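The structure appears right after this line, and notes come after that.
The values are calculated or read from the model by the stated rules, or taken from the named source; none is laboratory data. Everything quoted here is computed from the prediction, not taken from an experiment. Here the Cβ is made from the backbone with ideal geometry for all residues, glycine too, and neighbour counts use every protein chain on show.
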Amino acid sequence: MTTITSEIQAEDSAYYLHPFTDHKSLAGKGARIITKADGLYIWDSEGEKIFDAMSGLWCVNIGYGRQELVDAATKQMQELPYYNSFFQTTNVPAVKLAKRIVGLAGDNYSHVFFSSSGSESNDTNIRMVRHYWATLGQPERKVIISRNNAYHGSTMAGASLGGMGYMHAQGGLPIPDIAHIEQPYHYGLDHAKDKDAFGIEAAGWLEKKILEIGADKVAAFIGEPIQGAGGVIIPPKTYWPEIQRICDKYGILLICDEVICGFGRLGTWFGSQLLGAKPDLMTFAKGVTSGYLPLGGVVVGKRVADVLINQGGDFNHGYTYSGHPVACAVALANIDILEHEGLVDRVRQETGPYLAERYAELSHHPLVGGAETCGLMAGFMLMKDKQAHITFDETLEVGMICRNHCFANGLIMRAVGDRMIIAPPLMISKAQIDDMMKLIYHCLDATLDELETLGYMESKQLKVNAA
Ligand code: PXG
């Protein structure tokens, strides 16, 4: 190991508290220091090149190293690095970006509220929907229904909306008036049932919850079109139209958290456009700037915007960096690239379907169960015996064993429990998908070898090697 690496690792553990990290255990091995990036690849301080199949953290949609975004930021910093939008002022990039995003979102939408992250945007959603109902004379409509295993951020409100038990376990969460229903996870919950029928049943859990709480107390339902951090849970195609029908039936607002699915990941500008929902509010962040600068927000549908603007008076909410001119200028340059290079269409017509084909083949690997893709999101479950649908004992942390093989072999693929997930940059080519699949096969074979050596598999099974 080079001295630079060990020095930075020592300072890292002495000074830097990381998100979602057990520092005692990290200090023992030292963090991997990422020093540069280009295209689909990142490099660490030891010079190792790594294929980033997670787009950073689901965000680097156009890939790393695009000078156009650097130039947009530089120009904007020289002209106007900052000004707020609180006191009847505005700035050009924020206005242009709001108009552009409304255009991408479609006829149902009219305005954008800006923040700097997905978490903040979901806090905004809670404040906005409660203000909406209070303005309409129904302040008792406060409850927001979300789902188990959802991820909506890490602030008090974001983590409360999320359905991660281990997050609720710390800090006195969830906040009041948040309810959860089960997620639409067909392979994990009821794989033997007809998928479309399961989708209708899972959406029906929302109706049950609404009736249990009382429709006159429910403000909104929130869901990620496809659950990302929960392990790429792709709902049956019947699910979202049925959710929409139920929300309409009870007049409940629908919020789609598009932080991961937005800006092209599923081959449409927003995931709800593909999956058959017309949310009243859409949360975005991440891909709006491809992660080059922090920016988030809420696309506000006409139903909410009309009330907010014409009857709502002051909405006592906002952030210092709402509509930050540099972040907005970078977002505009990012959307230019997504549009001019046809990246969203390419995901829908070419790379998304190709990844689906390659994942269908991956299903033949003895460890792989329930492999599924949608656009450039994909996941599968590591199974002990997939014919008999037997999972591994979760205390064995088999997902982590697989992830460690990926890390050691130059591939970033994430483990969520025993689900292995990817979300590569949208500029990935078919040839690069082949490169990625080779790495995935190699890491799966290495995992299988280790599991057999450890005696975790039932019996020795045939390996399937990369073509
Ligand atoms: N909503 C969704 C759907 C997300 O995926 C957020 C909100 C919060 O965004 P911010 O910008 O506040 O982080 C996210 C973030 C993981 C992982 O483990 C996923 C996220 C963040 C951190 C880790 O996959 N998504």
> Of all the residues that make up the stretch 89-109, how many are of a type in the set (Ser, Thr, Tyr) and buried (at least 18 other Cβ atoms within 10 Å of the Cβ)?
Replying inline: 1
> Residues of the stretch 18-65 being of a type in the set (D, E, K, R), exposed (fewer than 12 other Cβ atoms within 10 Å of the Cβ) and assigned to a loop (DSSP other than H, G, I, E, B), which ones?
Replying inline: Asp22
> What are the residues in the stretch 312-337 that are closer than 20 Å to Thr74 by Cα and not small (Gly, Ala, Ser), if any?
Replying inline: Tyr321, His324, Pro325, Val326, Cys328, Val330, Leu332, Asn334, Ile335, Asp336, Ile337
>> Among the numbered criteria (1) in a loop (DSSP other than H, G, I, E, B); (2) without any contact (Cβ under 8 Å) to a residue 60 or more places away in the chain; (3) of a type in the set (Val, Ile, Thr), which one does Thr74 miss?
In response: (1)
> Regarding Glu224, is this residue surrounded by 18 or more Cβ atoms within 10 Å (Cβ to Cβ), within 16 Å of the ligand (Cβ to nearest atom), touching a residue at least 12 places away in the same chain (Cβ under 8 Å) and among the acidic types (Asp, Glu)?
Replying inline: yes
>> For the stretch 200-220, give me each residue that is more than 18 Å from Ser146 (Cβ to Cβ) and either surrounded by 14 or more Cβ atoms within 10 Å (Cβ to Cβ) or without any contact (Cβ under 8 Å) to a residue 60 or more places away in the chain (or both).
In response: Ile200, Glu201
> Does at least one position in the stretch 141-152 carry a residue that is among the basic types (Lys, Arg), within 16 Å of the ligand (Cβ to nearest atom) and either assigned to a helix (DSSP H, G or I) or under 28 Å from Val344 (Cβ atoms) (or both)?
Replying inline: yes
> Given Ser55, Ser121, which one is in contact with a strand residue (DSSP E or B) (Cβ under 8 Å, 6 or more places away or on another chain), of a type in the set (S, T, N, Q) and touching a residue at least 12 places away in the same chain (Cβ under 8 Å)?
Replying inline: Ser121
> Exactly one of (1) surrounded by fewer than 22 Cβ atoms within 10 Å (Cβ to Cβ); (2) closer than 16 Å to Gly158 by Cβ is unmet by Lys302. Its number?
Replying inline: (2)
> Given the residues Ile401, Ile421, Ile440, which is the only one that is assigned by TED's automatic domain parsing to the domain that holds Gln349, crowded, with 19+ Cβ neighbours inside 10 Å, within 17 Å of Gly230 (Cα to Cα) and in contact (Cβ under 8 Å) with a residue 24 or more places away in the chain?
Replying inline: Ile421
>> From the list Leu332, Leu254, Leu295, Leu338, exactly one residue is within 16 Å of the ligand (Cβ to nearest atom) and out of contact with any Cys (no Cβ under 6 Å at 6 or more places or on another chain). Which is it?
In response: Leu295
> Residues Gly271, Gly318, Gly251: which one is surrounded by 22 or more Cβ atoms within 10 Å (Cβ to Cβ) and at pLDDT 95 or above?
Replying inline: Gly271
> Scanning for something in contact with a helix residue (DSSP H, G or I) (Cβ under 6 Å, 6 or more places away or on another chain), in a helix (DSSP H, G or I) and either outside the structural domain of Val232 (by TED's automatic domain parsing) or surrounded by fewer than 22 Cβ atoms within 10 Å (Cβ to Cβ) (or both), does the stretch 174-188 turn up at least one residue?
Replying inline: no
>> Taking the conditions exactly as written (under 30 Å from Thr238 (Cβ atoms), small (Gly, Ala, Ser) and more than 16 Å from the ligand (Cβ to nearest atom)), does Ala134 satisfy them or not?
In response: no
